[in-house]
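The structure appears below as structure tokens.
The values are calculated or read from the model by the stated rules, or taken from the named source; none is laboratory data. On a predicted model such as this, the values are computed, not experimentally measured, just so you know. Cβ atoms come from the backbone with ideal geometry, glycine included; neighbour counts cover every protein chain shown.
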Amino acid sequence: MTSRVIALDLDGTLLTPKKTLLPSSLEALARAKAAGHQLIIVTGRHHVAIHPFYQALALDTPAICCNGTYLYDYRAKKVLSADPLPVPQAQQLITQLNEHDIHGLMYVDNAMLYEKPTGHVLRTNNWAQSLPPEQRPVFEQVASLSSAAQEVEAIWKFALTDEDTQKLKDFVHHIEQTLGLECEWSWHDQVDIARAGNSKGKRLAEWVASQGLSMQDVVAFGDNYNDISMLEAAGVGVAMGNADDAVKAHADVVIGDNTVDSIASFIYKALL
């Protein structure tokens, strides 16, 4: 198998359920990097929420964040390319969130903003507090997302959660029909909403082309619906065993789940 780029989703893929990296994955990826493969993180996360993993992997490539909304250069600490959500559309979405009583976490600039500390926010913030201060993502409670949207430079995406998943599904359908935004499920009870046209696959293809390569040179690992675009576009799309069957159907290969040495085993057998 010929590959020069290894694209890695984080949650549900490279990370265990406890949000840790398996030593076997780190070792295998380090060997792949030494052998000449470029590693790139392609995640739904904000760039401020991937510091520990980026550093543990000793990367020098930019990171594709918020499901392809932007490409971030960690060394220069700047956004290289982006398609943020226009403020008028963000305001329309916030109005709908308030009317339907759906919680929205707004990803902006270098922080994540929220009005109410719901379960998703509390869980993620608890994880953040376990990190060294210099690696902690910024969560900020604001009185009004609508007001905050007027003051930031860029709105990357909204992460919506609700215990009533059917309510969330109905809301997403409504938003797709009325606002035409990009809605992708990134967890069983979380849907991400961004500017139409943004996807992991699209941004990854742009970066790969900038390296003088094609998507046939890419092996991509993913587990959720927001990974489908890159699993389909990659020369080899690898789905985790913990992925839904609908996601696996878009992959070329299905390996074990994210609790065991699945990624390492694949790298040793297929790439090294």
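Things worth noting here:
Quick grid of which residues meet (1) touching a Phe, Trp or Tyr at 6+ places or on another chain (Cβ under 6 Å); (2) over 16 Å from Ala7 (Cβ atoms); (3) not aromatic (Phe, Trp, Tyr):
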position	(1), (2), (3)
Lys200	no, no, yes
Gly222	no, no, yes
Asn226	no, no, yes
Ala233	no, no, yes
Val238	yes, no, yes
Asp252	no, no, yes
Val260	no, yes, yes
Leu271	no, no, yes
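- Qualifying residue in the range 67-75 (condition: of a type outside the set (Asp, Glu) and more than 18 Å from the chain's Cα centre (by Cα)): yes
- Residue ID - modelled with the lowest pLDDT, chosen from residues in the range 237-272 that are within 20 Å of Arg31 (Cα to Cα), surrounded by fewer than 17 Cβ atoms within 10 Å (Cβ to Cβ) and out of contact with any Gly (no Cβ under 9 Å at 6 or more places or on another chain): Leu272
- The range 233-244, residues that are closer than 13 Å to Val254 by Cα and not in a loop (DSSP other than H, G, I, E, B): Val236, Gly237, Val238, Ala239
- Residue check, Glu184 over 28 Å from Val247 (Cβ atoms) and in contact (Cβ under 8 Å) with a residue 24 or more places away in the chain: no
- Among the candidates Asn67, Asn98, residue that is closer than 24 Å to Asp252 by Cβ and of a type outside the set (Gly, Ala, Ser): Asn67
- One residue alone among Ala56, Ala30, Ala49 is in contact (Cβ under 8 Å) with a residue 12 or more places away in the chain, out of contact with any helix residue (DSSP H, G or I) (no Cβ under 8 Å at 6 or more places or on another chain), farther than 18 Å from Asn224 by Cα and of a type in the set (Gly, Ala, Ser), and that residue is Ala30.
- Residue in the range 143-166 that is in the same structural domain as Ile50 (by TED's automatic domain parsing), more than 16 Å from the chain's Cα centre (by Cα) and of a type in the set (Asp, Glu) present: no
- Matching option when the condition is within 25 Å of Asn198 (Cα to Cα) and touching a residue at least 40 places away in the same chain (Cβ under 8 Å), among Val172, Val121, Val138: Val138
- Scanning the range 75-90 turns up one or more residues that are more than 30 Å from Val219 (Cα to Cα), modelled with pLDDT of 95 or more and of a type in the set (S, T, N, Q).
- Residue in the range 34-44 that is under 30 Å from Asp162 (Cβ atoms), of a type in the set (Gly, Ala, Ser) and part of a loop (DSSP other than H, G, I, E, B) present: yes
- Within the range 21-76, the set of residues being surrounded by fewer than 17 Cβ atoms within 10 Å (Cβ to Cβ) and farther than 21 Å from Asn258 by Cα comprises Ala34, Ala35, Gly36, Asp60, Asp73, Arg75, Ala76.
- Test result for Ile155, surrounded by 14 or more Cβ atoms within 10 Å (Cβ to Cβ), in contact with a helix residue (DSSP H, G or I) (Cβ under 7 Å, 6 or more places away or on another chain), of a type in the set (A, V, I, L, M) and modelled with pLDDT of 95 or more: yes
- Candidate set from the range 98-118 (those that are in contact with a His (Cβ under 9 Å, 6 or more places away or on another chain) and in contact (Cβ under 8 Å) with a residue 60 or more places away in the chain); member that is surrounded by the most Cβ atoms within 10 Å (Cβ to Cβ): Tyr107
- The set of residues in the range 195-224 being of a type in the set (Phe, Trp, Tyr) and either at pLDDT below 95 or not in a helix (DSSP H, G or I) (or both) consists of Phe221 alone.
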